[in-house]
Amino acid sequence: MSRKLSREEIEALILGASIYSTGGGGSVQDGMNILEQISNEGLQATLISLQELKDDALVFNPAEVGGGVRKELEKRFEQRYGTKIPLKWERWPVEKWIPQAVKELQKHLGRRPDAYIATELGPGALLRPLYQAAKEDLPVVDGDPVGRSVPEMTMSLFNLNGFHPALSVATSHFGDVIVIKRASDYKRLEDILRSFAEYSGGGVGFAEALQGREVKKALLPESYTRCIKLGLAIKEATRNNKDLIKTILDITGGYLLFRGRLLKLDLKPAFGHLIGAAYMEGIEEYRGKKFKLWFKNENHAAWRNGRICALSPDIITVLDEETGTGIYNFDWVKISKERKLAAIGIPAPEVWRTKEGLKILGPRAVGVDADYKPIESLELEQKG
């Protein structure tokens, strides 16, 4: 059943998505900026269930692709174009190039889509299609093809289900427009877009034309609803001084991995990704213990006192203990060493824990040299 979303629900959506997103998918501030655009333009966001989507519907998935530039390319970019790269700007102008990709795809097809979907789950990733759809008085489907944020387009149920990339358009802030009529598979599409992103300063806009019948097979349902529920619970717990971490763990079925403060960072942009590690020292019941978080755009591995305690595809999130806001990995440089943080782990959707799912989103698929173990098994091992 379609429904209109209130401002309070969209604020909760952003907050909840920051927990499920594993440190990627855009920041809470990104989401709030888009919400302000929705409000300032007097737009109304509409959500429909996966079941309401027709098989013959045309569906677009507006998104951004990118996440970093290697040092040598950053230097080359600034010398060649005489300007700082977009990721160095206070506000990355996604509102310019993502709608442009949508506009060009509509022009190429000669029609508007019937609905929009998100490419992953995150504060920005969920809000961008919501905004684009609201501008055109169209709905967004309540779902996403991952259940978290991911560093590559290959890491999607469209790929897992064996679908081939559809007609798509990519655009840059320079005004470049690239129509991709056909890519042999999602690995090729990923490499094409990642290269375009790096040489455009770190990110590009993207939109793909999908069929309703494929979307219905490749989306995990109720992503928006799930994030709204969690966000509302976080806001209520904060307002009434309830145990914030317990509230989040009860709703998500997650595990507390660590509580501490930031000790140091190790960041390295590499081929359109931000690769790095955050190190924390424990507080309270974790005093005297250490924690390491490794990320490639998103969080993929965590160690407590040198032992692995969580691995992709399970969701690993570091959050602010006072606000319940998930930390966006591109914002680590802004995090004060006095800030009290908590690391949690949430079991991944079962589809990613299968043999085929792990080939796409398991530890080795993201560059971690370890065999996957479910977070609940790792917790039992460390407590045993």
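Please enumerate the residues belonging to region 155-175 that are surrounded by fewer than 16 Cβ atoms within 10 Å (Cβ to Cβ) and either within 15 Å of Glu208 (Cα to Cα) or in contact with a Phe, Trp or Tyr (Cβ under 8 Å, 6 or more places away or on another chain) (or both). So that I can check it myself, show each step before the final result.
Initial filter on region 155-175 (surrounded by fewer than 16 Cβ atoms within 10 Å (Cβ to Cβ)): 161-162, 164, 174-175.
Residue satisfying the conditions is His164 alone.
Considering the conditions (1) outside any strand (DSSP E or B); (2) aliphatic (A, V, I, L, M); (3) in contact with a Leu (Cβ under 8 Å, 6 or more places away or on another chain), Ala207 is excluded by exactly one of them, (1).
Every test in (1) at pLDDT 95 or above; (2) surrounded by fewer than 23 Cβ atoms within 10 Å (Cβ to Cβ); (3) farther than 17 Å from Thr171 by Cα is passed by Val59 save one, and that test is (2). Checking each residue in region 189-211 for being buried (at least 23 other Cβ atoms within 10 Å of the Cβ) and either in contact with a Ser or Thr (Cβ under 6 Å, 6 or more places away or on another chain) or not assigned by TED's automatic domain parsing to the domain that holds Gly82 (or both) picks out Ser200, Val204, Gly205, Glu208.
Evaluate the following for Ser184: is it part of a helix (DSSP H, G or I), surrounded by fewer than 17 Cβ atoms within 10 Å (Cβ to Cβ) and among the hydroxyl-bearing types (Ser, Thr, Tyr)? Against the criterion (part of a helix (DSSP H, G or I), surrounded by fewer than 17 Cβ atoms within 10 Å (Cβ to Cβ) and among the hydroxyl-bearing types (Ser, Thr, Tyr)), Ser184 does not qualify.
Of all residues assigned to region 288-304, at least one qualifies as being crowded, with 23+ Cβ neighbours inside 10 Å, without any contact (Cβ under 8 Å) to a residue 60 or more places away in the chain, in contact with a Lys or Arg (Cβ under 8 Å, 6 or more places away or on another chain) and not in a loop (DSSP other than H, G, I, E, B).
Based on this model, can you work out whether Val366 counts as surrounded by fewer than 17 Cβ atoms within 10 Å (Cβ to Cβ) and of a type in the set (A, V, I, L, M, F, W, C)? Break it down into steps so the answer makes sense when it comes.
Numbers: surrounded by fewer than 17 Cβ atoms within 10 Å (Cβ to Cβ): no; of a type in the set (A, V, I, L, M, F, W, C): yes.
So Val366 fails the test.
None of Leu126, Leu130 is buried (at least 24 other Cβ atoms within 10 Å of the Cβ), under 11 Å from the mean Cα position of the chain (by Cα) and in contact (Cβ under 8 Å) with a residue 24 or more places away in the chain except Leu126. Evaluated against (1) under 29 Å from Ile360 (Cα atoms); (2) not in a loop (DSSP other than H, G, I, E, B), Ala133 falls short on exactly one condition, (1). A search for C-beta distances below 6 Å between a residue of region 48-60 that is in a helix (DSSP H, G or I) and any residue that is surrounded by fewer than 18 Cβ atoms within 10 Å (Cβ to Cβ), counting only pairs 6+ apart in sequence or on different chains, returns Leu50/Pro221. All of (1) under 29 Å from Glu9 (Cβ atoms); (2) assigned to a strand (DSSP E or B) hold for Ala237 with one exception: (2). The one condition from (1) assigned by TED's automatic domain parsing to the domain that holds Ile10; (2) crowded, with 20+ Cβ neighbours inside 10 Å; (3) within 19 Å of Arg128 (Cβ to Cβ) that Ile228 does not meet is (1). Taken residue by residue, region 255-267 has no member that is not assigned by TED's automatic domain parsing to the domain that holds Leu160 and not in a strand (DSSP E or B). Residue check: Gly203 meets all listed conditions (1) more than 17 Å from Thr154 (Cβ to Cβ); (2) over 20 Å from the mean Cα position of the chain (by Cα); (3) of a type outside the set (A, V, I, L, M) but one, namely (2).
Close contacts from region 97-110, counting a first residue that is under 15 Å from Glu64 (Cβ atoms) and a second that is in a helix (DSSP H, G or I), with Cβ to Cβ under 7 Å and a gap of 6+ residues or different chains, come to Ile98/Arg128; Pro99/Gln132; Val102/Gln132.
Report, ordered by the first and then the second residue, all pairs with beta carbons closer than 6 Å, sequence separation of six or more or different chains, a first member in region 317-342 that is closer than 24 Å to Ile375 by Cβ, and a second member that is in a helix (DSSP H, G or I). Pairs found: Thr317/Ile19; Gly324/Ile234; Gly324/Leu244; Thr325/Ser18; Thr325/Val28; Gly326/Ser18; Gly326/Ile19; Ala342/Ile245.
Check Ile38, Ile19, Ile14 and return the single one that is hydrophobic (A, V, I, L, M, F, W, C), surrounded by 14 or more Cβ atoms within 10 Å (Cβ to Cβ) and farther than 25 Å from Leu341 by Cβ.
Values: Ile19 fails: farther than 25 Å from Leu341 by Cβ; Ile14 fails: farther than 25 Å from Leu341 by Cβ.
Just a single option satisfies the conditions, and that option is Ile38.
Scanning region 62-95 for residues that are modelled with pLDDT of 75 or more and either among the polar types (S, T, N, Q) or part of a helix (DSSP H, G or I) (or both) turns up Lys71, Glu72, Leu73, Glu74, Lys75, Arg76, Phe77, Glu78, Gln79, Arg80, Tyr81, Thr83.
Determine which member of the set Lys217, Lys246 is over 20 Å from the mean Cα position of the chain (by Cα) and either in the same structural domain as Glu322 (by TED's automatic domain parsing) or in a strand (DSSP E or B) (or both).
Values: Lys217 fails: either in the same structural domain as Glu322 (by TED's automatic domain parsing) or in a strand (DSSP E or B) (or both).
That would be Lys246, the only listed residue that is over 20 Å from the mean Cα position of the chain (by Cα) and either in the same structural domain as Glu322 (by TED's automatic domain parsing) or in a strand (DSSP E or B) (or both).
Cβ-Cβ contacts under 8 Å between residues 6 or more apart (or on different chains), taken from a first residue in region 244-257 that is at positive phi to a second residue that is in a strand (DSSP E or B) and crowded, with 20+ Cβ neighbours inside 10 Å, are listed as Gly253/Ile346.
The values are calculated or read from the model by the stated rules, or taken from the named source; none is laboratory data. Here the structure is a predicted model, which means the values were calculated and not measured. Glycine gets a Cβ as well: all are built from the backbone with ideal geometry, and neighbour counts include every protein chain shown.
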